[in-house]
Amino acid sequence: MNSSVAKAPVQSKVWVVAACFNEEAVICQFIQRVLALSEVSRLVLVDDGSVDKTVERVCDWQRTQNEEAEAKKLTLLELTRNFGKEAAMLAGLDYARDQCSAVVLIDSDLQHPPELIPRMVDSWRNGAEV
């Protein structure tokens, strides 16, 4: 019986999908912290109908980056209204389908530190499935 666990390729593309709703106060910090992680090849933000300036802050951040590589690693999806976090996450997963090796789901409110993502990715690369 073969007990070896298939490991994920080291050069795999890992995307982060994050729902955001009224996060204008922390969204730029969230973006910077996630994109600073070498394991992350793309950040997909799904705005779930924010009524504050979350989208404006994200767009401002993108403009200030101009042609920087970090700006190219960020995608913003805007939902037409608030559908709820689960629907926003599903929209992000649908967008990521067949474009990456793995997706990390995280809230954009910084309740959970993005700096833990590398440990999760390392565990996945070493055979963890979830």
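The values are calculated or read from the model by the stated rules, or taken from the named source; none is laboratory data. Bear in mind that the values here come from a model prediction, so they are computed numbers and not experimental data. Cβ: placed from backbone, ideal geometry, glycine included. Neighbour counts: every protein chain shown. For accessibility, only protein heavy atoms count, side chains too; no ligands or nucleic acids. Shrake-Rupley method; radii C 1.70, N 1.55, O 1.52, S 1.80 Å.
Among the residues of the stretch 51-69, what is the count of those that are of a type outside the set (Lys, Arg) and surrounded by 15 or more Cβ atoms within 10 Å (Cβ to Cβ)? Outline the logic, then answer.
Pass one, the stretch 51-69, residues of a type outside the set (Lys, Arg): 51-52, 54-56, 58-62, 64-69.
Among the residues that remain, those that are also surrounded by 15 or more Cβ atoms within 10 Å (Cβ to Cβ) are: 54-55, 58, 61-62, 65.
So the answer is 6.
Of the candidates ALA91, ALA87, ALA6, the single residue that is within 30 Å of GLY127 (Cβ to Cβ) and at pLDDT 95 or above is ALA91. Assess whether LEU116 counts as being within 15 Å of LEU45 (Cα to Cα), open to solvent by 60 Å² or more (accessible area, probe 1.4 Å) and of a type in the set (A, V, I, L, M). No, not satisfied.
Going by what's in this entry, would THR80 be described as out of contact with any strand residue (DSSP E or B) (no Cβ under 8 Å at 6 or more places or on another chain) and among the polar types (S, T, N, Q)? Judged against the criteria, THR80 is a match. Quick one: would you say THR75 is out of contact with any Asp or Glu (no Cβ under 9 Å at 6 or more places or on another chain), among the hydroxyl-bearing types (Ser, Thr, Tyr), open to solvent by less than 60 Å² (accessible area, probe 1.4 Å) and closer than 24 Å to VAL26 by Cα? Spelling it out, THR75 is indeed out of contact with any Asp or Glu (no Cβ under 9 Å at 6 or more places or on another chain), among the hydroxyl-bearing types (Ser, Thr, Tyr), open to solvent by less than 60 Å² (accessible area, probe 1.4 Å) and closer than 24 Å to VAL26 by Cα. If the condition is being surrounded by fewer than 18 Cβ atoms within 10 Å (Cβ to Cβ) and polar (S, T, N, Q), then the stretch 91-109 contributes GLN99, SER101.
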